[in-house]
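Chemist: If you scroll down you'll find the structure; I have some questions about it.
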Amino acid sequence: EPEVTQTPSHQVTQMGQEVILRCVPISNHLYFYWYRQILGQKVEFLVSFYNNEISEKSEIFDDQFSVERPDGSNFTLKIRSTKLEDSAMYFCASSAGQSSYNSPLHFGNGTRLTVT
Amino acid sequence: KNQVEQSPQSLIILEGKNCTLQCNYTVSPFSNLRWYKQDTGRGPVSLTIMTFSENTKSNGRYTATLDADTKQSSLHITASQLSDSASYICVVSAVSTSGTYKYIFGTGTRLKVLA
């Protein structure tokens, strides 16, 4: 079964550094998402992306965050200047269609970001 | 405010026993409700999905119910197995003002099945 793949599985970075988290969504999917999950807390929506542009973003997704689909297969999340509170598991997800009934979110296994 | 609350927060049961997890939501306009299973260190995986017109949906040993009037859902696990140990997340989707789908995640129930 096709999978969403994320790299790296674990990223350690120093506060103030830039990080890029990478995702390869399922190939025929059109909608892409980033979520994060701080340890012990619930999954939080960051941003959704469709047709090469952001369709929705949360309050968490401030100017320090950006997303890109540079080559038609990768979907990246960039954090420009990391803060300690950015430490979390970041999940990429994709779905085939807009109608969520027949198009479940397929999640990757996440990138654990640790900011020191 | 759109919210999804789950109970209990955590649950420990013996292998072979049944259990029921609860989800209450205040999401509008409601589109559908989905239960996900999240193994430790992994991404969530969809178990079932229900629209407002569906009362019950089964997937193997998992049975979800939905009462759209009271805005409550439950996930019943029958004859639990050690591999059922995971977090179970209730996710409610709504159509946002921009016409896109918004997914509201619950806090999850952490289930531990003991031998």
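The values are calculated or read from the model by the stated rules, or taken from the named source; none is laboratory data. This one's a predicted model, so the numbers in the text were calculated from it and none came from an experiment. Glycine gets a Cβ as well: all are built from the backbone with ideal geometry, and neighbour counts include every protein chain shown.
Chemist: Got at least one residue in the range A:86-93 being in contact with a helix residue (DSSP H, G or I) (Cβ under 6 Å, 6 or more places away or on another chain) and more than 14 Å from chain B (Cβ to nearest Cβ)?
Modeler: The answer is no; no qualifying residue exists.
Chemist: Now, a different point. Against the definition (under 14 Å from the mean Cα position of the chain (by Cα), in a loop (DSSP other than H, G, I, E, B), over 24 Å from B:ALA86 (Cβ atoms) and of a type in the set (A, V, I, L, M)), how does A:ILE60 come out, yes or no?
Modeler: The answer is yes for A:ILE60.
Chemist: Going by the conditions given, is B:ALA94 at pLDDT 95 or above, small (Gly, Ala, Ser) and within 17 Å of B:PHE105 (Cα to Cα)?
Modeler: The answer is no for B:ALA94.
Chemist: Here's a follow-up. Please find, within the range B:100-115, the residue that is farthest from B:LEU47 (Cα to Cα) out of those that are surrounded by 18 or more Cβ atoms within 10 Å (Cβ to Cβ), more than 10 Å from chain A (Cβ to nearest Cβ) and not polar (S, T, N, Q).
Modeler: Only one residue tops the list, namely B:VAL113.
Chemist: Which numbered condition trips up A:ILE26, out of (1) within 14 Å of chain B (Cβ to nearest Cβ); (2) assigned to a strand (DSSP E or B)?
Modeler: Of everything listed in (1) within 14 Å of chain B (Cβ to nearest Cβ); (2) assigned to a strand (DSSP E or B), A:ILE26 misses just condition (2).
Chemist: Restricting to the range B:82-99, name every residue that is over 18 Å from the mean Cα position of the chain (by Cα), polar (S, T, N, Q) and either more than 7 Å from every other protein chain (Cβ to nearest Cβ) or surrounded by 14 or more Cβ atoms within 10 Å (Cβ to Cβ) (or both). Before you say what the answer is, go through the steps one by one.
Modeler: At the first step, the residues of the range B:82-99 found to be over 18 Å from the mean Cα position of the chain (by Cα) are B:82, B:95-99.
Now restrict to residues that are polar (S, T, N, Q): B:96-98.
Across the range B:82-99, the qualifying residues are B:SER96, B:THR97.
Chemist: A:GLU3 versus (1) touching a residue at least 24 places away in the same chain (Cβ under 8 Å); (2) farther than 20 Å from A:GLN64 by Cβ; (3) in contact with a strand residue (DSSP E or B) (Cβ under 7 Å, 6 or more places away or on another chain): which is the lone unmet condition?
Modeler: Condition (3) is where A:GLU3 drops out.
Chemist: Working carefully through the options B:TYR25, B:TYR36, find the one that is closer than 16 Å to B:ARG110 by Cβ and either within 14 Å of chain A (Cβ to nearest Cβ) or in a strand (DSSP E or B) (or both). If you could, list the steps in order and put the result at the bottom.
Modeler: Numbers: B:TYR25 fails: closer than 16 Å to B:ARG110 by Cβ.
None of the others qualify; the one that does is B:TYR36.
Chemist: Is at least one residue of the range B:63-74 surrounded by 14 or more Cβ atoms within 10 Å (Cβ to Cβ), of a type outside the set (Ser, Thr, Tyr) and within 9 Å of chain A (Cβ to nearest Cβ)?
Modeler: No.
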